[in-house]
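Novice: Please see the structure below; I have some questions.
The values are calculated or read from the model by the stated rules, or taken from the named source; none is laboratory data. These figures come from a predicted structure and were not determined experimentally. Please note: Cβ atoms are built from the backbone with ideal geometry, for glycine as well, and neighbour counts cover all protein chains shown. Side chains included, ligands, DNA and RNA excluded: accessible areas come from the protein's heavy atoms. Shrake-Rupley method; radii C 1.70, N 1.55, O 1.52, S 1.80 Å.
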Amino acid sequence: MIRRPPRSPLFPYTTLFRSLRANLLLMAGMFVIATSLWYAVDYVYAVVVNQQKSLGFDWEHVYYVQAAVLPDESVERDTASRSDDEVTAEYLEFYNRLQRHPAVESACYTLMHFHYMWKNGSGTMSYDTLKTNAMYREVTPSYFTVFRVRGADECSPEELSRRASHTNDFVVTENAACQLLNPDLNNVTVKGVELAGRFIHSGVSMREDEPDSVRVAAVCENQKYNEYSNWSRAVYRIIQLGQGDFKISYGSLPYHDIFIRVKADADRPGFVESFRKEMKKQLRVGNLYLADMRPMGYYRNEHLADYRSDLYTYLAIAGFFLANAFLAILGTFWFRTQQRREELAVRLVAGATPHSLQTLLMGEGFLLITIAYIPALVVAYNLGISDLVETWPVEWSFTRFLIGGLVTFLLLLTIAAISIWFPARQAMSIQPAEALHGE
């Protein structure tokens with residue numbers, strides 16, 4: 001009979017050292033995977049949170065209508081000179097004919113404001129000693145009805161338009177109003193609607209003859225520039241077509257825009273073509289004509305193309321991290337479980353049940369991941385407070401860190417459970433005689 005050589009008295013410690021070394025290598029791998037996965041989860045969390053914020057306006061059933069001047073070479077152009085008053089009258093008539101169409105629910109005019117087109121002025125407003133920067137836009141009162149903008153006090157767009165019916169009054173977004181009342185935006189006791197009815201100093205006007213002190217007629221809800229941006233601060237100066245010193249020339253026409261809201265039951269496929277055909281002659285006013293008409297969805301899709309491309313890229317990276325985490329954890333625990341097949345079979349012979357062994361393996365795996373995840377959380381938190389993660393449009397906060405950390409941990413546990421369960425189930429099928437023979 002061949003006898004095995006006696007085991008070294010250091011054998012138990014050697015086994016323990018090897019096991020400890022293997023576990024440390026496993027935890028080091030889990031640390032890298034957890035940190036990378038948290039970074040991807042944090043980005044997705046920021047996107048999801050920002051998507052829950054209200055856009056602040058409704059672009060559906062809204063169309064842009066472009067009024068243009070007949071070219072000089074056109075035989076239909078009236079070459080007689082026209083004053084700004086006459087051009088303004090032509091433009092006003094064009095606008096009135098447009099909104100009288102039975103399919104048009106409401107119409108509005110804007111100057112230096114076109115959603116999704118980066119068309120804005122900008123400047124500074126002040127109230128007492130407090131100041132804020134804001135985008136500056138000029139609109140008719142019906143703008144709030146056309147784009148379904150509600151008041152900060154949740155009043156209807158129609159009511160907001162009624163409040164903003166006086167020329168030269170201002171309507172400001174809620175975040176701009178809060179900034180003027182108190183720069184500490186975390187102070188929940190300050191509400192933007194408190195600025196309504198007060199006078200502020202405006203340094204954002206585009207004409208020298210505008211008064212510096214203006215009345216805030218109303219405060220509207222916060223608005224995003226697009227679905228992927230944060231809320232922007234904006235101020236709306238109320239103007240009226242054909243009133244006051246408002247003048248339009250042929251040369252300034254590209255800066256003036258008209259939008260219409262079409263009734264939902266009339267907004268069907270082919271509406272633009274039928275509308276342009278029907279209104280071609282009616283909207284021929286002086287030297288003005290209907291040059292173009294497109295739904296806001298067209299400009300929205302053009303504007304969001306780059307944003308969507310970036311988002312899909314980041315989501316693909318996040319998915320790549322998730323797939324790699326799954327494969328890495330699956331491979332690690334698969335190999336670890338396969339190495340222990342004989343041990344598991346011996347435990348079965350000794351009276352353990354398959355369920356108890358699966359619970360043991362799951363517990364060991366969860367414990368290793370938990371230990372490895374603690375330093376990963378420390379690294380993740382330092383990434384956040386060091387602004388090494390995307391903090392726009394969702395600012396960094398402990399809540400964001402906590403939710404991202406919890407979601408990442410649950411993902412890791414889920415992946416680990418799948419990675420342990422399948423190889424463990426296979427290991428349970430080993431025959432006891434084969435296991436004892438291996439021992």
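Novice: Kindly indicate the residue of segment 254-270 that is buried (at least 16 other Cβ atoms within 10 Å of the Cβ) and either touching a strand residue (DSSP E or B) at 6+ places or on another chain (Cβ under 7 Å) or basic (Lys, Arg) (or both) and also nearest to Glu158 (Cα to Cα) among those meeting that condition.
Specialist: We begin by selecting, within segment 254-270, every residue buried (at least 16 other Cβ atoms within 10 Å of the Cβ); these are 256-262, 267.
Filter again for either touching a strand residue (DSSP E or B) at 6+ places or on another chain (Cβ under 7 Å) or basic (Lys, Arg) (or both), leaving 256-262.
Working: His256: 23, Asp257: 21, Ile258: 18, Phe259: 16, Ile260: 15, Arg261: 13, Val262: 16 Å.
For segment 254-270, the residue satisfying everything is Arg261.
Novice: In the set Leu367, Leu410, which member is closer than 13 Å to Val41 by Cα, more than 24 Å from the chain's Cα centre (by Cα) and open to solvent by 50 Å² or more (accessible area, probe 1.4 Å)?
Specialist: Being closer than 13 Å to Val41 by Cα, more than 24 Å from the chain's Cα centre (by Cα) and open to solvent by 50 Å² or more (accessible area, probe 1.4 Å) holds for just one of Leu367, Leu410, which is Leu410.
Novice: Here's something else I'd like to know. Of everything in segment 332-342, what is part of a helix (DSSP H, G or I) and without any contact (Cβ under 8 Å) to a residue 40 or more places away in the chain? Give them in sequence order.
Specialist: Here is the first cut: in segment 332-342, the ones part of a helix (DSSP H, G or I) are 332-338, 341-342.
The answer is Phe335, and nothing else.
Novice: Within segment 75-134, how many residues turn out to be part of a strand (DSSP E or B) and of a type in the set (D, E, K, R)? Steps first, please.
Specialist: Within segment 75-134, the subset part of a strand (DSSP E or B) is 104-111, 114, 119, 121-127, 130-134.
Next, only the ones that are of a type in the set (D, E, K, R) stay: 105, 119, 131.
Matching residues across segment 75-134 total 3.
Novice: What pairs can you find where one residue is in segment 348-364 and more than 23 Å from Ile415 (Cβ to Cβ), the other is open to solvent by less than 70 Å² (accessible area, probe 1.4 Å), and their Cβ atoms are less than 6 Å apart, with a gap of 6+ or different chains?
Specialist: Correct list of pairs: Val349/Pro432.
Novice: While we're here: Restricting to segment 85-110, name every residue that is of a type in the set (A, V, I, L, M, F, W, C) and open to solvent by 20 Å² or more (accessible area, probe 1.4 Å).
Specialist: The first filter runs over segment 85-110 and keeps only residues of a type in the set (A, V, I, L, M, F, W, C), leaving 87, 89, 92, 94, 98, 103-104, 107-108.
Result: Ala89, Leu92.
Novice: Then there's this: Which numbered condition trips up Ala89, out of (1) at pLDDT 95 or above; (2) more than 22 Å from Ala217 (Cβ to Cβ)?
Specialist: Unmet condition: (1).
Novice: What number goes with the only condition from (1) free of Cβ contacts under 8 Å to residues at least 60 places away in the same chain; (2) open to solvent by 50 Å² or more (accessible area, probe 1.4 Å) that Pro375 does not pass?
Specialist: Unmet for Pro375, out of (1) free of Cβ contacts under 8 Å to residues at least 60 places away in the same chain; (2) open to solvent by 50 Å² or more (accessible area, probe 1.4 Å): (1).
Novice: Can you pull out every residue in segment 41-74 that is more than 25 Å from Arg294 (Cβ to Cβ) and either assigned to a strand (DSSP E or B) or over 16 Å from the mean Cα position of the chain (by Cα) (or both)?
Specialist: Asp72, Glu73
Novice: Give the residues of segment 326-364 that are hydrophobic (A, V, I, L, M, F, W, C) and under 41 Å from the mean Cα position of the chain (by Cα), sorted by residue number. Write out each step before concluding.
Specialist: Filtering segment 326-364 down to residues hydrophobic (A, V, I, L, M, F, W, C) leaves 326-330, 333-335, 344-346, 348-350, 352, 357, 360-362.
Result: Phe326, Leu327, Ala328, Ile329, Leu330, Phe333, Trp334, Met362.
Novice: Could you identify the single residue in Glu154, Glu158 that is at pLDDT 90 or above, part of a loop (DSSP other than H, G, I, E, B), of a type in the set (D, E, K, R) and within 28 Å of Ile260 (Cβ to Cβ)?
Specialist: From the options Glu154, Glu158, the qualifying one is Glu154.
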